[in-house]
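Read the structure below first, then the notes.
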Amino acid sequence: MDLKTFSEKISAMIRPQSFPLGLKLLKNDEELPAEAIRPRKYGIKISFCQWVTMARRWGRVLGVLAEDINCTPCLAALGLKNFGGNTPLAEYFCDMGYFTDLPLAERATKQLHPIPPGEIKAIAIFPLELAPVEPDIIVLYGTPAQMSRLASGYLYNSGELIESKTTGFGISCLALIKPYFTGKPAFVHPGRGERILAGTDEAEMAFTFPAEHCELLVDGLEKTHDKGSRYPIQSYLLYQPPSIKPMRVLEAKMVD
């Protein structure tokens with residue numbers, strides 16, 4: 001299935017308020033697509049989540065290298081810079097007041113499984129309809145109700161429940177790209193950092209999965225749609241509401 005068709009089907013069945021995104025993780029000496037706009041065009045450095053929002057709300061083809069990002073926990077989590085292990089990231093979490101002590105912070109950091117340094121050199125982010133290259137990951141933002149619809153569509157052909165891990169405070173950048181390394185889809189609960197810096201709405205979360213699963217997802221969505229599982233979710237309306245006293249009093253005053 002081509003990406004434009006996939007995007008159109010997702011827009012029709014899920015109705016997201018922002019563009020479905022593709023992410024391409026570049027390694028070694030690979031270069032960003034020529035059309036990818038980097039933050040340096042605007043004379044700034046950014047957090048990765050800002051560029052995700054810009055791609056999905058502005059409809060731009062964007063790209064980042066390590067030198068474009070000033071969010072140091074993102075650089076550490078994605079392995080874009082070598083911080084000499086997980087301890088510096090755990091110490092940052094403690095400095096931010098997220099844990100009572102360093103051992104707990106280190107325990108949580110290990111569970112995040114940060115990307116080893118050197119695995120990623122650059123990341124291209126783009127609306128699927130404008131894809132300059134084949135994406136590695138597909139990211140769909142939406143409401144919890146839309147996410148449950150995506151989960152049921154994915155489950156139909158996979159039999160695999162969708163899992164998520166969240167800190168509540170941030171590092172959603174890592175969660176977005178994890179399916180590239182795990183081969184499994186995930187829900188992402190954007191944390192404090194993304195909501196502050198990237199303007200992600202309180203009602204938004206994301207579904208991220210390997211790009212090769214596009215057909216599996218669309219097929220599941222279409223078949224469950226045909227069976228009655230749809231979005232927007234249909235409220236049950238075939239019932240007669242009770243008539244309250246003021247309504248009955250008004251009814252008595254009606255004249256034929």
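The values are calculated or read from the model by the stated rules, or taken from the named source; none is laboratory data. Just so we're clear, the structure is a prediction, and the values are computed from it rather than from any experiment. Heads up, the Cβs are rebuilt from the backbone with ideal geometry, glycines too, and the neighbour counts pull from every protein chain shown.
Could you say which residue among 181, 169, 209 is within 17 Å of residue 20 (Cβ to Cβ) and hydrophobic (A, V, I, L, M, F, W, C)?
Answer to the selection: 209.
Any residue at all in region 161-173 that's of a type in the set (Asp, Glu) and crowded, with 21+ Cβ neighbours inside 10 Å?
no
I need the full set of residues from region 131-145 which are hydrophobic (A, V, I, L, M, F, W, C) and crowded, with 17+ Cβ neighbours inside 10 Å, in order please.
Hits for region 131-145 are 131, 137, 138, 139, 140.
Name the residues in region 121-130 that are outside any helix (DSSP H, G or I) and surrounded by 19 or more Cβ atoms within 10 Å (Cβ to Cβ), would you?
122, 123, 124, 125, 126, 127, listed by residue number.
Taking the stated definitions as given, is residue 85 of a type outside the set (S, T, N, Q), closer than 26 Å to residue 27 by Cβ and in contact with a Pro (Cβ under 7 Å, 6 or more places away or on another chain)?
The answer is no for residue 85.
What single numbered condition from (1) surrounded by fewer than 18 Cβ atoms within 10 Å (Cβ to Cβ); (2) in contact with a Cys (Cβ under 6 Å, 6 or more places away or on another chain) fails to hold for residue 113?
Checking residue 113 against (1) surrounded by fewer than 18 Cβ atoms within 10 Å (Cβ to Cβ); (2) in contact with a Cys (Cβ under 6 Å, 6 or more places away or on another chain), the one that fails is (2).
Quick one: residue 152 ticks every box in (1) closer than 16 Å to residue 89 by Cβ; (2) modelled with pLDDT of 95 or more except a single one, so which number is it?
(1)
Output the residue which, of all residues in region 54-67 that are of a type outside the set (Gly, Ala, Ser) and crowded, with 20+ Cβ neighbours inside 10 Å, is nearest to residue 132 (Cα to Cα).
61
Under 8 Å between Cβ atoms, at least 6 apart or on separate chains: pull out the pairs that start in region 9-28 with a residue that is closer than 23 Å to residue 230 by Cβ and end on any residue that is hydroxyl-bearing (Ser, Thr, Tyr) and assigned to a strand (DSSP E or B).
16/141; 17/141; 18/141
For residues in region 190-238 being of a type in the set (A, V, I, L, M, F, W, C) and in contact with a Pro (Cβ under 9 Å, 6 or more places away or on another chain), which is nearest to residue 136 (Cα to Cα)?
Per the stated criteria, the residue is 211.
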